[in-house]
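*Asks:* Have a look at this one.
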Amino acid sequence: QVQVVESGGGLVQFGGSLRLSCAASGTIFRFDVMAWYRQGPGKQRELVASIGRGSRANYADSVKGRFTISRDNAKNTVYLQMNSLEFEDTAVYYCWAQIASNGYWGQGTQVTVSS
């Protein structure tokens, strides 16, 4: 059974940094696309960043230049380094991992940016 588990969320001050991790397990196959989504209060879930197996990354315009996604294929793990955090970054961050046509979600980790 595939499991996707996020970690690293928490409370951070405006302008600070935080690093999220996501470990996917339960399969002998390597995941294809891995991505981070977020859902802020009263908002729809949105794509933050995605990365293919070859490490080609894509970012939402709102996080370009501040967030960096990376992955360790050997560990089926994806990371999200978040710098210069803003109040609008407050959200539950979800990891998503894809194998072939199947996508798997994590349970989410809360990131709160405070003044």
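The values are calculated or read from the model by the stated rules, or taken from the named source; none is laboratory data. Just so it is clear, the structure is predicted and the values come from calculations on it, not from any experiment. Note that each Cβ is placed from the backbone with ideal geometry, even for glycine, and that neighbours are counted across all protein chains shown. Accessible surface areas use protein heavy atoms only, side chains included; no ligands, DNA or RNA. Shrake-Rupley method; radii C 1.70, N 1.55, O 1.52, S 1.80 Å.
*Asks:* Restricting attention to the stretch 46-56, which residues are over 12 Å from the mean Cα position of the chain (by Cα) and within 21 Å of residue 83 (Cα to Cα)? Break it down stepwise before answering.
*Replies:* Keep residues of the stretch 46-56 that are over 12 Å from the mean Cα position of the chain (by Cα), which gives 52-56.
55, 56 - these are the residues of the stretch 46-56 that are over 12 Å from the mean Cα position of the chain (by Cα) and within 21 Å of residue 83 (Cα to Cα).
*Asks:* Within the stretch 91-102, how many residues are surrounded by 18 or more Cβ atoms within 10 Å (Cβ to Cβ) and either not in a strand (DSSP E or B) or not β-branched (Val, Ile, Thr) (or both)? Outline the logic, then answer.
*Replies:* From the stretch 91-102, those surrounded by 18 or more Cβ atoms within 10 Å (Cβ to Cβ) are 91-97; that's our starting set.
Keeping just the survivors that are either not in a strand (DSSP E or B) or not β-branched (Val, Ile, Thr) (or both) gives 91, 93-97.
Count: 6.
*Asks:* Examine the stretch 12-31 for a residue that is over 18 Å from residue 99 (Cα atoms), assigned to a strand (DSSP E or B) and over 12 Å from the mean Cα position of the chain (by Cα), and state whether such a residue exists. So that I can check it myself, show each step before the final result.
*Replies:* Step one: filter the stretch 12-31 for residues over 18 Å from residue 99 (Cα atoms), giving 12-21.
Retained after the next criterion (residues that are assigned to a strand (DSSP E or B)): 12-13, 18-21.
Restricting the remaining residues to those that are over 12 Å from the mean Cα position of the chain (by Cα) gives 12-13.
So far as the stretch 12-31 goes, yes, one or more of its residues are over 18 Å from residue 99 (Cα atoms), assigned to a strand (DSSP E or B) and over 12 Å from the mean Cα position of the chain (by Cα).
*Asks:* Considering only the stretch 49-62, I want to know if a residue exists there that is closer than 19 Å to residue 12 by Cα and open to solvent by less than 50 Å² (accessible area, probe 1.4 Å). Can you show your working first?
*Replies:* First pass over the stretch 49-62, keeping only residues closer than 19 Å to residue 12 by Cα: 62.
With the extra rule that they be open to solvent by less than 50 Å² (accessible area, probe 1.4 Å), the set shrinks to none.
No, the stretch 49-62 contains no residue that is closer than 19 Å to residue 12 by Cα and open to solvent by less than 50 Å² (accessible area, probe 1.4 Å).
*Asks:* Moving to a separate point now. Does residue 30 qualify as being in contact with a Gly (Cβ under 8 Å, 6 or more places away or on another chain) and either more than 18 Å from residue 109 (Cβ to Cβ) or open to solvent by 40 Å² or more (accessible area, probe 1.4 Å) (or both)? Spell out how you get there, then give the answer.
*Replies:* Numbers: in contact with a Gly (Cβ under 8 Å, 6 or more places away or on another chain): no; either more than 18 Å from residue 109 (Cβ to Cβ) or open to solvent by 40 Å² or more (accessible area, probe 1.4 Å) (or both): yes.
For residue 30, the condition - in contact with a Gly (Cβ under 8 Å, 6 or more places away or on another chain) and either more than 18 Å from residue 109 (Cβ to Cβ) or open to solvent by 40 Å² or more (accessible area, probe 1.4 Å) (or both) - is not met.
*Asks:* On the given criteria, is residue 23 surrounded by 15 or more Cβ atoms within 10 Å (Cβ to Cβ) and in contact with a helix residue (DSSP H, G or I) (Cβ under 8 Å, 6 or more places away or on another chain)? Steps first, please.
*Replies:* Details: surrounded by 15 or more Cβ atoms within 10 Å (Cβ to Cβ): yes; in contact with a helix residue (DSSP H, G or I) (Cβ under 8 Å, 6 or more places away or on another chain): yes.
Criteria met by residue 23.
*Asks:* I've got another one for you. Open to solvent by 40 Å² or more (accessible area, probe 1.4 Å) and under 12 Å from the mean Cα position of the chain (by Cα): is that true of residue 105 in this structure?
*Replies:* Working: open to solvent by 40 Å² or more (accessible area, probe 1.4 Å): yes; under 12 Å from the mean Cα position of the chain (by Cα): yes.
It is true that residue 105 is open to solvent by 40 Å² or more (accessible area, probe 1.4 Å) and under 12 Å from the mean Cα position of the chain (by Cα).
*Asks:* Let me ask something else about it. Quick check on the stretch 47-70. Is at least one of its residues in contact with a strand residue (DSSP E or B) (Cβ under 8 Å, 6 or more places away or on another chain), in a helix (DSSP H, G or I) and under 19 Å from residue 7 (Cα atoms)?
*Replies:* No, the stretch 47-70 contains no residue that is in contact with a strand residue (DSSP E or B) (Cβ under 8 Å, 6 or more places away or on another chain), in a helix (DSSP H, G or I) and under 19 Å from residue 7 (Cα atoms).
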